[in-house]
Amino acid sequence: MRRYRGLIILIAILLCSCEGTTFQSSVPAYPVRVVINTKTMFTGFTPENTNAYITVNEEGYKENGVFKQPVTVTDAWGYGGIVVYVSLAGYVAFDLACPYCAAHGLRRACIMEGIYAECPECGEQYELAGGYAIPQHQKSTESLRQMNIIASEDKLTITQKQ
């Protein structure tokens, strides 16, 4: 019986120590469903093409800033649009909404400038080349909100990270 009592106390301590460790992003969780076909439409978007990117928002799909195709009724692009980026670590995807502005009640989408997603409102830049979208000017204490990305043989599927 003593062993069980000790085990119960240990489990209770572990459960209490986990409280408050869940990160809550300033960027609201909006629906995300983006599918990128790498065999037909975006043939140059490969893991070897480092620093290439595709953005998706209400204006459509753009590859490296050039319009490629409109969105469909089944697409969902998060709070500020989505960027899918070929980083040094492979494919990564983020919501383009600026967390600093979102924390201050503003909905601003970052604009891709080379390896950076830059907020036109506050000027914060998020570096994507390493695969983490880390703020460069320390205005924001958060990185861009990361998305799930599933790569199959001929497509990339991006969804909201839980």
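The Cα-based radius of gyration and maximum Cα-Cα distance (Dmax) for region 26-90 are 12.0, 36 Å.
Under 5 Å between amide hydrogens, built in the peptide plane, is the criterion, and for M112 it picks out E118 among residues at least 5 positions away or on other chains.
Couplings 3J(HN,Hα) for region 155-162, derived from phi with the Karplus relation 6.51 cos²θ - 1.76 cosθ + 1.60 (θ = phi - 60°), are 8, 10, 10, 10, 9, 5, 7, 7 Hz, where x marks Gly and Pro.
How would you classify region 72-162 from its alpha-carbon gyration tensor, with a ≥ b ≥ c the square roots of the eigenvalues: rounded for a/c under 1.5, else prolate if a/b is greater than b/c, otherwise oblate? Oblate, since a/c reaches 1.5 and b/c is not below a/b. Computed from backbone phi, the HN-Hα couplings of region 112-123 come to 6, 9, x, 8, 10, 9, 10, 7, x, 7, 9, x Hz, rounded to whole numbers (Karplus: 6.51 cos²θ - 1.76 cosθ + 1.60, θ = phi - 60°; Gly and Pro given as x). Coupling constants for region 133-142 follow from the phi torsions by the Karplus curve (6.51 cos²θ - 1.76 cosθ + 1.60, θ = phi - 60°), and in residue order they are 6, 7, x, 9, 10, 6, 5, 8, 9, 10 Hz; glycine and proline get x. Relative to the longest principal axis of the Cα atoms of the chain, the long axis of helix 2-17 lies at roughly 40 degrees. For region 82-150, the list of GluC sites (Glu not before Pro) that fall in a loop by DSSP and count at most 16 other C-beta atoms within 10 angstrom reads E121. The share of accessible area on the chain that comes from carbon and sulfur is 55 percent, using a 1.4 angstrom probe. For region 111-147, the residues whose backbone nitrogen is under 14 Å from a point 7 Å from the Cα of H104, taken along Cα to Cβ, are 119-125, 137-142.
The values are calculated or read from the model by the stated rules, or taken from the named source; none is laboratory data. Note that the structure is a prediction, hence the values are computed from the model and not measured. Cβ coordinates were reconstructed from backbone atoms using ideal geometry, including for glycine residues, and neighbour counts include every protein chain displayed. Surface accessibility is based on the protein's heavy atoms, side chains included, excluding ligands, DNA and RNA. Shrake-Rupley method; radii C 1.70, N 1.55, O 1.52, S 1.80 Å.
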